[in-house]
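Trainee: Dropping a structure here in structure tokens format, bear with me for questions.
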Amino acid sequence: MRLSRYFMPILKENPKEAEIVSHRLMLRAGMIRQQSQGIYSWLPLGKRVLDKVNAVIREEQNRAGAIELSMPTLQSAELWQESGRYDAYGKEMLRIKDRQERPMLYGPTNEEMVTDIFRASVKSYKDLPLNLYHIQLKFRDEIRPRFGTMRSREFMMKDAYSFDLTREAAEHSYNKMFAAYLRTFDRLGLRAIPMRADTGPIGGNLSHEFIILADTGESEVFCHKDFVGFDIPGERTDFDSVEGLQAIFDKWTSLYAATSEMHDEAAFNAIPEGERLSARGIEVGHIFYFGTKYSEPMGAKVQGPDGKEHFVHMGSYGIGPTRLVPAIIEASHDDNGIIWPASVAPFDVVVINMKAGDEACDDTCELIYAALTKAGKDVLYDDTDDRAGTKFATADLIGVPLQIIAGPRAVANGEVEVKDRKTGARETMTIEAAINRFVA
Ligand code: 5CA
């Protein structure tokens, strides 16, 4: 992508409305724009990051055996009347009428709709276990939308829904998502700690929030310090192994960890003082087991091996991609801007032409740009005629992990500089070596 032809509206000044660093940097880097309170457009740079976050989420959901589909944002009120949540959900639900005056709503979550899909076609235990997910916009008319896309009214959610014949089988499904979440957040460069949580309007009795520690987080959390060093389940995790996944779950729930709603002061104080962690955190995922809460009122049942009909045991599993993007920034930035983990960086590398219009600089940059693009890298080429200082500031602000800097003096020697955004380390090398470093 040539920056001269891209759309990346950088802000020079710090936007006044931004209270936390991630919101400030997302606005400054031209990633998002507020359209009305708590409702955002994702501009091209932001969209790239969001897509990469979703790609990681999708890979790990698929690895754990979940199957992707797509459900609509608008739902009929009837489904919610069946489950009894239409009246219970309150003012957070945006209610709409169509031209026939039929009550509709903008979905805040999809338990009812997915249960409807399930009951229409699944009739036998032989089709279980089943886990269906989608990545879709949601709307919740939050009283206090704030911090940009961290807590917005319209937001994206990956929501998965599992169906099983028995409680034991449903616990295995729960553990699959538990392990998948540990892997997902790790791949996004985050250390998320699962904590016992309140189930709120989703319901049920088993629930964990995945929390990343951050001073600007909205949740107050209490846990054992050792979680910070726990091993993440590897790529070869066998998601079909009931014992293997139970062992992961048991290990990650063996020490105290709870949000303020579930906090047990006495249990926390039983931890030796030096090993206690009381901090603020950001909830990036939330998983629930709620048994037959929706399947019973909505009549979602299958025939079991005993020939009888059984209401299915369900769970739901949410991740907030549009919250994860600012959460990653909260965890990874410096005074100059964002520092993206490679897995979600909008570009792999930025090529900075320090003197656009200079033949040698132009040729060198074009050569590098073409070679890296051919090698399948996402390359941003700063071919604008801005001052070098402005270009450096922009490259640092948008947080691309590596920069290749081509200035007239180095280019005259057949060389360029490669800068690591995170460490700031610069290395001069031949043009060929620079290309090979990325292609290899
Ligand atoms: N149906 C269940 C799980 S699929 C559910 O709705 N869970 S939730 O309410 O906990 O939301 C799941 C995730 O969506 C949260 O962990 C959070 O990451 C994200 N999320 C929820 N509300 C917002 C919001 N207002 N803005 C941004 N992200 C949100």
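The values are calculated or read from the model by the stated rules, or taken from the named source; none is laboratory data. Computed from a predicted model, the values in this text were never measured in an experiment. A quick note on method: Cβ atoms are made from the backbone with ideal geometry, for glycine too, and the neighbour counts reach across all protein chains shown. Protein only, heavy atoms only, side chains kept; ligands, DNA and RNA dropped before computing areas. Shrake-Rupley method; radii C 1.70, N 1.55, O 1.52, S 1.80 Å.
Trainee: Within the chain, what whole-number % of the accessible surface is contributed by carbon and sulfur, with the 1.4 Å probe and all protein chains included in the calculation?
Mentor: 48
Trainee: Enter the Cα centre distance for the pair the range 1-71 and the range 249-283, rounded to the nearest angstrom.
Mentor: 32
Trainee: Right, next: Using the crude model of +1 on Lys and Arg Cβ and -1 on Asp and Glu Cβ, and no other charge, please compute the dipole size for the range 349-439 relative to its Cα centre, in debye to 20. Write down the numbers at each step before the final one.
Mentor: Values: 11 positive and 16 negative charges, 84 e Å.
So the dipole magnitude of the range 349-439 works out to roughly 400 debye.
Trainee: With a cap of 12 neighbouring Cβ atoms within 10 Å, and only residues DSSP puts in a loop, list the GluC sites (Glu not before Pro) found in the range 150-210. Show your work: numbers first, answer last.
Mentor: Working: sites: 154, 168, 171, 209; in loops: none.
Those that pass, being in a loop and sparsely packed, number zero.
Trainee: From largest accessible area down, sort 387, 421, 58; use a 1.4 Å probe on the protein chains. Mind showing how you got there, number by number?
Mentor: Values: 387 170, 421 10, 58 80 Å².
Ranked from most to least accessible, the order is 387, 58, 421.
Trainee: Sort out for me the Cα centre separation of the range 135-177 from the range 343-394, rounded to whole Å.
Mentor: Distance between centres, Cα-based: 39 Å.
Trainee: How much solvent-accessible surface does residue 232 expose, in Å² to the nearest 10, with a 1.4 Å probe and all protein chains in place?
Mentor: Here the residue's solvent-accessible area equals roughly 50 Å².
Trainee: I would also like to ask the following. Give me the log10 of I(q) over I(0) for the chain at q = 0.09, 0.10, 0.13 Å⁻¹, as the Debye formula computes it from C-alpha points; what are the numbers?
Mentor: The Cα Debye sum returns log10 ratios of -0.66, -0.79, -1.16.
Trainee: For the chain, modelled as a Gaussian network with Cα springs under 10 Å, which listed residue fluctuates most, 309, 283, 111?
Mentor: Maximum fluctuation in the GNM of the chain, among the listed residues, is at 309.
Trainee: Obtain the radius of gyration and the Kirkwood radius of the range 1-89 from its C-alpha atoms and give Rg over Rh.
Mentor: Numbers: Rg = 18.6 Å, Rh = 16.7 Å.
Taking Rg over the Kirkwood Rh, I get 1.12.
Trainee: Mind grabbing the accessible area of residue 70 for me, 1.4 Å probe, Å², rounded to tens?
Mentor: Residue 70 exposes around 100 Å² with every protein chain in place.
Trainee: Let me have the relative contact order for the chain, percent, based on Cα pairs under 8 Å that are six or more residues apart. Walk me through the intermediate numbers first.
Mentor: Numbers: 877 pairs, mean separation 74.1, N = 440.
Contact order relative to length: 17 percent.
Trainee: Now, a different point. With springs only between Cα atoms under 10 Å, which of 164, 116, 306 fluctuates most in a Gaussian network model of the chain?
Mentor: Largest GNM mean-square fluctuation: 306.
Trainee: What does the charge dipole of the range 3-338 about its Cα centre add up to, to the nearest 20 debye, if the Cβ of each Lys and Arg holds +1 and the Cβ of each Asp and Glu holds -1?
Mentor: Values: 42 positive and 49 negative charges, 280 e Å.
Dipole of the range 3-338, to the nearest 20 debye: 1340 debye.
Trainee: Projecting each Cα onto the charge dipole of the chain (Lys/Arg +1, Asp/Glu -1 at the beta carbon, about the Cα centre), which of 193, 269, 384 comes out farthest on the positive side?
Mentor: Of the candidates, 384 comes out farthest on the positive side.
Trainee: Taking the Cα-to-Cβ direction at residue 11 and at residue 241 and moving 7 Å from each Cα, how far apart do the two end points lie in nm?
Mentor: 4.9
Trainee: Give me the distance in nm between label points sitting 7 Å out from Cα along the Cα-to-Cβ direction at residue 228 and residue 102, one decimal.
Mentor: Rounded to a tenth, the inter-label distance reads 5.5 nm.
Trainee: Then there is this: Rounded to the nearest 0.05, what FRET efficiency is calculated for residue 275 and residue 250 with R0 set to 30 Å and r the Cβ-Cβ distance?
Mentor: On the way: r = 19 Å, r/R0 = 0.65.
After rounding to 0.05, the efficiency reads 0.95.
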